[in-house]
Amino acid sequence: MAHIRALEVATFYTMFLLQPCGRKAHVQVCGTTPCMLRGAAALFEVCHRRIHHDPLHVSADGDFSWEEVECLGACVNAPMVLIGSDTYEDLTAKSFEKVLDEISAGRKPKPGPQIDRQFSAPVGGASTLRTVKA
């Protein structure tokens, strides 16, 4: 098999990493339109500052690495990241920093929405169809 054929597959799927990744976490930040519209740029800034300026590089302490990926499938809860098999959604720069702090300290942060929301329910709860008139 030609080397390029293997690279075509390995570089298409985000689960194949061709370089070393962080010991504690490899952060995949969604860069698709819904996440970008809802603040993913701030998450990239956190990655640049806390992990490494460039994606797919390991942090100075060897604990973290990051990359930009396309659609992680939680657009309604944008912006979001995938760390291992857990998604962290409805992130701000501050809440993303807290997730990284927890991982850095050896604790497992609560996955899912990082605001007062249940899964992908509307923020603040239902706003329509609350009562039925007979």
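None of the figures in this text is laboratory data; all of them are computed from the coordinates on show. These numbers come from a predicted model, not from an experiment. Here the Cβ is made from the backbone with ideal geometry for all residues, glycine too, and neighbour counts use every protein chain on show.
Apply the Karplus parameterisation 6.51 cos²θ - 1.76 cosθ + 1.60, with θ equal to phi minus 60°, to every residue of segment 47-54 and state each ³J(HN,Hα) to the nearest whole Hz, in sequence, with x for glycine and proline.
4, 4, 7, 8, 9, 6, 4, 9
Given all pairs of different Cα atoms, what value in angstroms does the Kirkwood hydrodynamic radius of segment 21-113 take? Intermediate results must be reported in sequence, preceding the final value.
Values: mean 1/r = 0.0787 Å⁻¹.
12.7 Å is the Kirkwood radius here.
Quick one: length gained pulling A126 to D61 fully straight, 0.36 nm per residue minus the C-alpha distance? Write out the running numbers ahead of the final one.
Numbers: separation 65, 0.36 × 65 = 23.40 nm, distance 4.46 nm.
Contour length minus Cα-Cα distance gives 18.9 nm.
How many lysine pairs are close in the chain, with Cα atoms under 18 Å apart and the two 8 or more places apart or on different chains?
On the way: K24/K98; K24/K108; K24/K110; K94/K108; K94/K110; K98/K108; K98/K110.
Final tally of qualifying lysine pairs is 7.
Compute the relative contact order of segment 21-113 as a whole-number percentage, counting only Cα pairs closer than 8 Å that sit 6 or more residues apart in sequence. Don't jump to the answer; show the numbers that get you there.
Details: 170 pairs, mean separation 30.7, N = 93.
Normalised by residue count, the contact order of segment 21-113 is 33 percent.
Where in segment 1-32 are there trypsin sites (Lys or Arg not before Pro) that are in a DSSP coil and have at most 14 other Cβ atoms within 10 angstrom of their Cβ? Intermediate values should be presented prior to the final figure.
Details: sites: R5, R23, K24; in loops: R23, K24.
Passing both the DSSP loop test and the Cβ count: R23.
Got the relative contact order for segment 1-66 handy, in percent, Cα pairs under 8 Å and 6 or more residues apart? Each step should come with its number before you reach the end.
On the way: 68 pairs, mean separation 23.9, N = 66.
Relative contact order, segment 1-66: 36 percent.
If the rule is a partner Cβ under 4.7 Å, which cysteines in the chain fail it?
Among the cysteines of the chain, those whose Cβ sits 4.7 Å or more from every other are C21, C47, C71, C75.
For segment 22-122, which GluC sites (Glu not before Pro) are both in a DSSP coil and crowded by at most 15 other Cβ atoms within 10 Å? Don't skip to the answer; put the middle values down first.
Values: sites: E45, E67, E68, E70, E89, E97, E102; in loops: E70.
Listed in order of number, the matching sites are E70.
Within 10 Å, at most 13 other Cβ atoms, and a DSSP state outside H, G, I, E, B define an exposed site. Report the longest part of the chain free of exposed chymotrypsin sites (Phe, Trp or Tyr not before Pro). If you can, show how the numbers build up before the last one.
On the way: sites that count: Y13, F16, F119.
Longest run free of exposed loop sites: 17-118.
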